[in-house]
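Q: Structure in structure tokens, see below.
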Amino acid sequence: MKLEDKKRVLREMVVHRRFEERCYQAYIERKIGGFLHLYPGQEACCNGVMEAARPGYDYVITGYRDHVHAIKCGADPKEVMAELYGKETGSSKGRGGSMHIFDVSKRFMGGYALVGGPFPLAAGIAKGIQMKGGDEIAICFLGDAANNQGTFHETMNMAALYKLPVLFVCENNLYGIGTAIERSTAVVHQHKRVCGYDMEAAETDGQDIEKVYEAAKVAVNHVRSGKGPYFLELLTYRYRGHSMSDSRGYRSREEEEMWKQRDPIYILRDRLIAEKAMTMADYEAMEKEVDAYIENEVIKFAEESPEPKVEELEKYVLADRESQLPWITGKAA
Amino acid sequence: MAEIMYWEAIQRAHDEEMARDPLVICMGEDIGVAGGTYKATKGLYEKYGPLRVIDTPISENSYTGLGIGASFLGVRPIIELMSVNFAWLAMDQMFNSAAKVRYMSGGQLTAPCVFRSAGGAAHQLGAQHSARMEKVFMGIAGLRVVTPSNPKQAYGLLKSAIRCDDPVYINEHELMYNMKGDVPDTEYFHPLEGSEVTRSGTDVTLFGYNISVHWNLKAAEILDKQYGISAEVVDLYSLSPLDREGIRKSVSKTHRAVVVGEEEAPVGVCSEVISVINEECFFELDAAPVRVNSALVPQPYNHGLEKAAIPNAEDVVAAVLKLFGKA
Ligand SMILES: Cc1ncc(C[n+]2csc(CCOP(=O)(O)OP(=O)(O)O)c2C)c(N)n1
Ligand SMILES: [Mg+2]
């Protein structure tokens, strides 16, 4: 990665981390409701892959741990936070919530709550790209435990069979809620599971963004050049519980500490400091600046935005009726 | 009688049945080491071990099928679908295998399994985590459907479901796991069929099940105190088969019916109950029966919209007053 890109991405990752931590606080304050799944610890995965791809141009889809992926694709953090607050200005107009962030204008095709649901949707998006003839690719970010859904195998087969331009990124954080991967899955290394479909696959360290970036470049080039799908496994860890009601009784504090020693943000920060591209003081100033941005712009926007109107409860259920009248009435001119 | 919580009642039923019969097992996501999302299987893994308390992969259709297959050989699996929303994925096995195998095999094979899941809208869980699906299950021949409205039923219905040779689907509610209620200290089997008159009245019957029974009880209180209307509350804890006789009896007494469910109206439990009323006791009616349901929208995330989408006791009161021409 180029030096200026690394500096930019470091700041982005700090924004992502602080955004998520601020969500935690807002949840405690009951400003955010429902289920809330946070991303700290895994930032290098989304950032590394998307640096190798084209955010806002390539299509991205994921599960319920979706805030950072949306922001990385170009969604405005203010609108994402407003969505978490359930506001009309939110990215899904307050109708979706944390698990359903969408910003189709940035080709972020959404977060979905059903584990394994996005696999076939990603392949379908890739099919659409194939039919339209563009050079975009579809990127599907999901967890390790999702690979135990039938949709995983069914989709891998079709993606390989139809040579679809789709990159599957498996963020293997070793747990599906409170079940450790070796207790749910016969193989821990997930990239091995697609060899039955003759799909290209690789595994790399998901904590070091430069390694993620290098592996993702190979993967993205493969997919974009028309050679068919690719499966990239990133070994990573989520620091917080699965969602907010998780006391993490299924894993040890030592294990958590061990992973925190390999924090994706600090790995990049320390490298930049060692390369004399920045100082610790620069970093700390940047963190402060980010905190101020989150508080004064992102949170402020969410707080001050209006609630959706109850009279509009049924808005967005179906297409605007007027626009469909020829078909609804059978009187197409 | 001890007052315990709904989840404790379910846990106790598991524990008693597993202690009694080594072929009773339970399976589902995060039910073992983690003790279950709603604690319904707490402590069972430690007590009965991994062969009988199975933490499954996130493979709803296939682990449900696996449990059904085991039940062909006489194993009695209690299969938890963490949330009813995920039961959509298991419906192929539930409907095509469990519900039909007895019939298809001319009675040679049965699937004595229990399916449990939490349904309903909780707090802002959004469109993909708030489904009411009892309407789907109750339309399938070969499957029993029950839905406990209190800890006693939660305990006793699960006990009976485990013993029953038919597949039984138990519809619980996300908001009810911490509800307290009296449960007999001695072993108790709740009937899988029938209905219960929870509050007796003379002017109108409020039919409900699961959480809507509680809205109806509250509504009956308001109707009595503020309007002098005596409402009978009937708890349809068995959705399949529906208690036609119980429905007939109550309507023949009150001559008016309001049917209340958290589900959306179309093709629902409530429309089915109204059909039964028409079939069983149309000429007893003094007014057309009405239903109170959720709005026909995917559940919104926003708190205000969510509240507006779901009915409550006030909506039930309003429907009754309209029936009496008072609104
Ligand atoms: C079909 C379905 N089954 C179960 C769940 C409940 N659930 C939500 S997340 C999750 C674990 C998923 O783990 P993984 O795919 O590794 O992703 P991670 O949360 O670790 O990022 C489970 C079981 C669900 N949302 N959808
Ligand atoms: Mg995981």
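Q: One residue is enough: does region B:171-191 have a residue meeting the conditions aliphatic (A, V, I, L, M), over 15 Å from the mean Cα position of the chain (by Cα) and within 28 Å of B:K249 (Cα to Cα)?
A: Yes: one or more hits.
Q: Mind checking whether some residue in region A:174-190 is within 16 Å of ligand 2 (Cβ to nearest atom), within 21 Å of A:V220 (Cβ to Cβ) and of a type outside the set (D, E)?
A: Checking region A:174-190: at least one residue is within 16 Å of ligand 2 (Cβ to nearest atom), within 21 Å of A:V220 (Cβ to Cβ) and of a type outside the set (D, E).
Q: Of all residues in region A:220-275, how many are farther than 25 Å from A:R11 by Cβ, part of a helix (DSSP H, G or I) and open to solvent by less than 70 Å² (accessible area, probe 1.4 Å)?
A: 5
Q: Under the condition of being touching a residue at least 24 places away in the same chain (Cβ under 8 Å) and surrounded by fewer than 18 Cβ atoms within 10 Å (Cβ to Cβ), which residue from region A:168-195 is nearest to ligand 1 (Cβ to nearest atom)?
A: Restricting to residues being touching a residue at least 24 places away in the same chain (Cβ under 8 Å) and surrounded by fewer than 18 Cβ atoms within 10 Å (Cβ to Cβ), the top hit is A:A180.
Q: Select the helices (runs of 4 or more DSSP H) contained entirely in region B:1-105, then report the ones holding at least 3 residues which are in the same structural domain as B:R116 (by TED's automatic domain parsing) and in contact with a strand residue (DSSP E or B) (Cβ under 7 Å, 6 or more places away or on another chain).
A: Qualifying helices (runs of 4 or more DSSP H): B:6-20, B:60-72.
Q: Still on this model: Does region A:168-182 hold any residues that are touching a strand residue (DSSP E or B) at 6+ places or on another chain (Cβ under 9 Å), closer than 18 Å to A:L38 by Cβ and of a type in the set (A, V, I, L, M), and which are they?
A: Within region A:168-182, just A:L174 meets the criteria.
Q: Exactly one condition in (1) touching a residue at least 60 places away in the same chain (Cβ under 8 Å); (2) outside any helix (DSSP H, G or I); (3) among the aliphatic types (A, V, I, L, M) is false for A:A201; which is it?
A: (1)
Q: Can you name every residue in region A:14-32 that is assigned to a loop (DSSP other than H, G, I, E, B) and over 12 Å from A:M81 (Cα atoms)?
A: Those that are assigned to a loop (DSSP other than H, G, I, E, B) and over 12 Å from A:M81 (Cα atoms): A:E29, A:R30.
Q: When you go through (1) open to solvent by less than 10 Å² (accessible area, probe 1.4 Å); (2) more than 16 Å from ligand 2 (Cβ to nearest atom); (3) in a helix (DSSP H, G or I) one by one for A:A44, which number turns out not to apply?
A: Tallying (1) open to solvent by less than 10 Å² (accessible area, probe 1.4 Å); (2) more than 16 Å from ligand 2 (Cβ to nearest atom); (3) in a helix (DSSP H, G or I), A:A44 fails exactly one: (2).
Q: If A:M199 meets every condition in (1) within 17 Å of the chain's Cα centre (by Cα); (2) more than 16 Å from ligand 2 (Cβ to nearest atom); (3) of a type in the set (A, V, I, L, M, F, W, C) apart from one, which number is that one?
A: (1) is the only condition that A:M199 fails.
Q: Between residues in region B:64-84 that are away from every other protein chain (no Cβ under 14 Å) and away from ligand 1 (no atom under 16 Å from the Cβ) and residues that are open to solvent by 10 Å² or more (accessible area, probe 1.4 Å) and in a loop (DSSP other than H, G, I, E, B), which pairs lie under 8 Å by C-beta distance while being six or more apart or on different chains?
A: Hits for this filter: B:S71/B:T110; B:F72/B:L109; B:F72/B:T110; B:G74/B:L23; B:V75/B:L23; B:R76/B:D21; B:R76/B:L23.
Q: Still on this model: Which residues, taken from region B:282-327, are within 11 Å of another protein chain (Cβ to nearest Cβ), over 21 Å from the mean Cα position of the chain (by Cα) and either in contact (Cβ under 8 Å) with a residue 12 or more places away in the chain or surrounded by 18 or more Cβ atoms within 10 Å (Cβ to Cβ) (or both)?
A: Passing the criteria: B:V297, B:P300, B:Y301, B:N302, B:H303, B:L305, B:E306, B:A308.
Q: Right, something else. Out of everything in region A:101-145 that is surrounded by 24 or more Cβ atoms within 10 Å (Cβ to Cβ) and assigned to a helix (DSSP H, G or I), what residue ends up being nearest to the other protein chains (Cβ to nearest Cβ)?
A: Top of the filtered list is A:A145.
Q: Restrict the check to region B:145-154 and report whether at least one residue is open to solvent by 50 Å² or more (accessible area, probe 1.4 Å) and over 24 Å from B:E262 (Cα atoms).
A: No, there is no match, as no residue in region B:145-154 is open to solvent by 50 Å² or more (accessible area, probe 1.4 Å) and over 24 Å from B:E262 (Cα atoms).
Q: Quick one: in region A:47-81, which of the residues that are open to solvent by 10 Å² or more (accessible area, probe 1.4 Å) and among the hydroxyl-bearing types (S, T, Y) is nearest to A:F168 (Cα to Cα)?
A: A:Y59
Q: Still on this model: If you scan region B:112-130, which residues turn out to be open to solvent by 10 Å² or more (accessible area, probe 1.4 Å) and not in a loop (DSSP other than H, G, I, E, B)?
A: Residues satisfying the conditions are B:A127, B:Q128, B:H129.
Q: So, one more: Please give the strands (runs of 3 or more DSSP E) falling wholly within region B:172-257 in which 1 or more residues are more than 20 Å from B:E272 (Cα to Cα) and touching a helix residue (DSSP H, G or I) at 6+ places or on another chain (Cβ under 8 Å).
A: Filter on region B:172-257 gives B:180-183, B:196-199, B:231-235.
Q: Across region B:261-275, which residue is nearest to the other protein chains (Cβ to nearest Cβ) among those that are over 21 Å from A:E314 (Cα atoms) and buried (at least 23 other Cβ atoms within 10 Å of the Cβ)?
A: Checking each candidate, the answer is B:C270.
The values are calculated or read from the model by the stated rules, or taken from the named source; none is laboratory data. Since we're looking at a predicted model, the values are computed, not measured. With ideal geometry, Cβ positions are generated from the backbone for all residues, glycine too; neighbour counts draw on all protein chains shown. Areas reflect the complete protein model, heavy atoms only, side chains present, ligands, DNA and RNA absent. Shrake-Rupley method; radii C 1.70, N 1.55, O 1.52, S 1.80 Å.
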